[in-house]
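Please read the structure below before turning to the comments.
Every number in this text was worked out from the coordinates using simple rules, so none of it is lab data. As the structure is a computational prediction, the values presented were derived from the model and not from experiment. Cβ placement follows ideal geometry from the backbone for every residue including glycine, while neighbour counts extend to all protein chains displayed.
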Amino acid sequence: MKQAHRRHHPPPWQSAAEACGDCGETLPDDAFFCGACGAARHEDPRLGSMALERYRLTEEVGAGAMGTVYRAEQRVGRFTREVAVKVLRSDFARSQAVRARFHRECELVTKLSHPNTIRFYDFGELDDGALAIVMELVRGESLAERIARGPIPFEEARSILAQVAGALAEAHAAGIVHRDLKPDNVLLFERPGARAPGVKVLDFGVAKAPETNDPDAPAITFRGEVLGTPAYMSPEQIAGRPLDAQSDVYAFGVLAYEMLTGALPFEGATGLLDWAERHLAESPIPIASHAVSLPPEVQAAVMQALAKEPGERPAGVLAVLRAMRARPSTPEEIVLPMAHTNRRVAGWAVAALAGLFALTVSLAWSSVPPAAKGPEAKADVPAAIVASCEDEANTSC
């Protein structure tokens, strides 16, 4: 990723003018290039603007289904601090009730203090009404990028998983369910002298507390919608059921499986319908079938975390770690455990699920490499997913 130039900073009274996204120099209205650094003028109208009156957006660093993340600068006296500003999709602010819910959830998340949770600094509404979250800026790579290079050695993987589990455990104790745990939401960064990278878990700001499952309660996840990424969603999340920390335990199991094997626990899924059927009805592929050597208790713990029924999974992410039978002297030395493949298909999963969803399905879909087509699943798929996939405009199915 390129480093932004910092030779020029417009004075505060020029904050309303558009600035160069590379060096911060004020741009004339008719300029196509920056006169200071030569960079082309960015098309994103937010670049160079002030967010929440305190953060100048200087560079787009990522974009996804939930919104856009910017690098930003905050002037504090004579000093400048770099932060990340996530601007959520405009439809998240479509009603006053949702905006109020956003503020309540962010106030809850700002109380999280675990060192492996991305720090929240600020939140609010932009001048155009969009909702924004200000977080610490951490330089590193995503866990997804690390997995793309192949399976992660066990010693390194267990350190990463222990850090992820610590962040989740604090959130769960506060009544927060992440709902979208996946490799893209785990950031790895170098730690001088450490054998394994440090971890920051992202996107707690769009999580949802379990007590808000009341269908009449306003929430960022609107009634009748499923928020998540298909490959990592729990069966109960796919089915639109109320969620608690056990849903994150399932996603944690998928995460661990993929880290240790370099593959997902189900094969042949290429769209939303496929993933729904796999999570609801199929047994995960045994870890032993992959060309990796792992202790039996580790394999057992991961497979148990992937149980269809929440009550059959370990009671929390820390229980998954304890099942590893490691020496729990430090977070880095906690090994992770596992059990035999659970081939029992949850009764509620194969039952008719058509009435469980209300209006639409909105998914933060991330690309998953296509795999060989696996055996057909027998579970009924929620009607809203079928309706969504029959919509020709939906390219996720």
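Quick notes on this one:
- Neighbour counts of C-beta atoms inside 10 Å place 181, 187, 306 in the sequence 187, 306, 181, starting with the fewest.
- Modelled spin labels at residue 44 and residue 90, positioned 7 Å past Cα toward Cβ, are 1.6 nm from each other.
- The length gained by stretching the chain between residue 173 and residue 127 to full extension, at 0.36 nm per residue less their Cα-Cα distance, is 13.1 nm.
- Burial ordering of 189, 123, fewest other beta-carbon atoms within 10 Å first: 189, 123
- Going by neighbour counts of Cβ atoms within 10 Å, the residues 298, 317 line up, fewest first, as 298, 317.
- Taking Cβ atoms as reference points and 12 Å as the exclusive limit, the residues near residue 302 contribute a net charge of 0, counting Lys and Arg as +1 and Asp and Glu as -1.
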